[in-house]
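The values are calculated or read from the model by the stated rules, or taken from the named source; none is laboratory data. None of the values given here were measured: they were computed from a predicted structure. Don't worry about glycine lacking a Cβ; one is built from the backbone with ideal geometry, like all the others, and counts go over all protein chains shown.
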Amino acid sequence: MAPWGYEKDNGPAHWHKDCPIANGKNQSPIDLINGEVKYDSGLKPLTAKYVPFSDAKFLNNGHSVQFQPSAGNGSELTGGPLAVKYNFEQFHFHWGNNDTEGSEHRVDGKMYPAELHFVHWNSTNPSFKDAVGSGGPNGLAVLGFFLKVGAENAALKPITDLIPKVKDAGTSVTVPSNFDMQAILPATLTDYYTYDGSLTTPPLAECVKWIVFKQPLEVSAAQMEAFRSVINRDGKPMGGNYRPPCPLHDRAVKTSFK
Ligand SMILES: Cc1ccc(O)c(S)c1
Ligand SMILES: [Zn+2]
């Protein structure tokens, strides 16, 4: 099979051929249906502590644009539904070619123009790769933030300003060491959906504790347009790099809010 992508000949409908788990019972993303979620008063506050990275790249890997430090630096996620500390690994984006599509998760069927994923791995494993292969839904913890068009996002501006430098697949650029990743997050990480799921790209491993925030982040129209200028590994606009929702099967979606 041609390398996986989001085109007609290599998109989500084809992924099961190389990754049979694509048809598993714990796949992501899902449609978050408010009438079917359940408030869980036992969900603790989430704490993300991100230390500025001295050596990080912003890259185009052919299917997303991604902030990738060269090594861990103590940036970590704890609390919420998580039983242990998770180490920060990378963040990346999924987006559409217009404002009516682009997010992976949906809320009552509504898609946002984009979705930002902060990926963390369970620190009881020796590495990210081991965490992905560790089996069960506690290998990774991914924070999902919807993006909607509105005011310019000053915290994301150092990243969106780099997008023109990684227009083509396989390109990367060094991120200035004063980039403050913590500033991207809302002051308090409250009001989220959480459920057991998978990576939304091959290998689609069912190793993810998903934490999707109810409140979208805002980015300007110009920042959204920057994403839409990125080219994928097939030489086409990368917009549309989102997987459609998967069946919930017998999973429960819990919320930290009523
Ligand atoms: C580890 C990882 C890689 C790519 C993704 O889209 C997600 S959601 C997670
Ligand atoms: Zn993702």
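Scan THR200, THR174, THR190 and give me the residue that is polar (S, T, N, Q), modelled with pLDDT of 95 or more and closer than 23 Å to THR78 by Cα. Write out each step before concluding.
Values: THR174 fails: closer than 23 Å to THR78 by Cα; THR190 fails: modelled with pLDDT of 95 or more.
Sole residue among the options that is polar (S, T, N, Q), modelled with pLDDT of 95 or more and closer than 23 Å to THR78 by Cα: THR200.
Looking at (1) within 13 Å of TRP210 (Cβ to Cβ); (2) β-branched (Val, Ile, Thr); (3) more than 16 Å from the chain's Cα centre (by Cα), which is the only condition THR100 fails?
(1)
Would you please list the contacts, defined by Cβ atoms under 6 Å and residues six or more apart or on different chains, that run from a residue in segment 193-222 that is closer than 28 Å to ASN10 by Cβ to a residue that is part of a helix (DSSP H, G or I) and small (Gly, Ala, Ser)?
LEU204/ALA22
Is it true that ILE184 is at pLDDT 95 or above, under 19 Å from TYR50 (Cβ atoms), within 16 Å of ligand 1 (Cβ to nearest atom) and not aromatic (Phe, Trp, Tyr)?
Working: at pLDDT 95 or above: yes; under 19 Å from TYR50 (Cβ atoms): yes; within 16 Å of ligand 1 (Cβ to nearest atom): no; not aromatic (Phe, Trp, Tyr): yes.
When the stated conditions are applied, ILE184 does not pass them.
Can you tell me which condition SER54 does not meet? The list is (1) under 30 Å from PRO164 (Cβ atoms); (2) under 19 Å from the mean Cα position of the chain (by Cα), and all the others hold.
Status for SER54: all satisfied but (2).
Return yes or no: is THR174 in contact with a Phe, Trp or Tyr (Cβ under 9 Å, 6 or more places away or on another chain), surrounded by 14 or more Cβ atoms within 10 Å (Cβ to Cβ) and touching a residue at least 12 places away in the same chain (Cβ under 8 Å)?
no
Considering only residues that are crowded, with 18+ Cβ neighbours inside 10 Å and touching a helix residue (DSSP H, G or I) at 6+ places or on another chain (Cβ under 6 Å), which ones fall in segment 1-42?
Scanning segment 1-42 gives TRP4, TRP15, ALA22.
For (1) modelled with pLDDT of 95 or more; (2) within 13 Å of ligand 1 (Cβ to nearest atom); (3) out of contact with any Lys or Arg (no Cβ under 9 Å at 6 or more places or on another chain), each residue gets a yes or a no:
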| site | (1), (2), (3) |
| --- | --- |
| LYS57 | yes, no, yes |
| ASN60 | yes, no, no |
| GLY72 | yes, no, yes |
| LEU77 | yes, no, no |
| LYS85 | yes, no, yes |
| GLN90 | yes, yes, yes |
| PHE93 | yes, yes, yes |
| GLY96 | yes, no, no |
| ASP99 | yes, no, no |
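How many residues, within segment 99-111, are more than 16 Å from ligand 2 (Cβ to nearest atom) and either among the small types (Gly, Ala, Ser) or free of Cβ contacts under 8 Å to residues at least 40 places away in the same chain (or both)? Give the derivation first.
Taking segment 99-111 first, the residues more than 16 Å from ligand 2 (Cβ to nearest atom) are 99-100, 107-110.
From what's left, either among the small types (Gly, Ala, Ser) or free of Cβ contacts under 8 Å to residues at least 40 places away in the same chain (or both): 100, 109-110.
Residues in segment 99-111 being more than 16 Å from ligand 2 (Cβ to nearest atom) and either among the small types (Gly, Ala, Ser) or free of Cβ contacts under 8 Å to residues at least 40 places away in the same chain (or both): 3 in total.
Please tell me if PHE227 is within 15 Å of ligand 2 (Cβ to nearest atom), more than 21 Å from LYS85 (Cα to Cα), in a helix (DSSP H, G or I) and of a type in the set (A, V, I, L, M, F, W, C).
Working: within 15 Å of ligand 2 (Cβ to nearest atom): yes; more than 21 Å from LYS85 (Cα to Cα): yes; in a helix (DSSP H, G or I): yes; of a type in the set (A, V, I, L, M, F, W, C): yes.
Answer is yes for this residue.
Determine which member of the set GLU206, GLU218 is within 15 Å of ligand 2 (Cβ to nearest atom), outside any helix (DSSP H, G or I) and among the acidic types (Asp, Glu).
Working: GLU218 fails: within 15 Å of ligand 2 (Cβ to nearest atom).
Criteria check complete, one pass: GLU206.
Every residue in segment 112-125 that is within 25 Å of ILE33 (Cβ to Cβ) and more than 16 Å from ligand 1 (Cβ to nearest atom), please.
If the condition is that a residue be within 25 Å of ILE33 (Cβ to Cβ) and more than 16 Å from ligand 1 (Cβ to nearest atom), then PRO113 is the only one that fits.
Applying the selection to segment 1-41, what residues are assigned to a helix (DSSP H, G or I) and among the polar types (S, T, N, Q)? Quick ask: steps written out before the conclusion?
In the first step, residues of segment 1-41 are kept if they are assigned to a helix (DSSP H, G or I); the result is 15-17, 20-23, 34-36.
Matches in segment 1-41: ASN23, ASN34.
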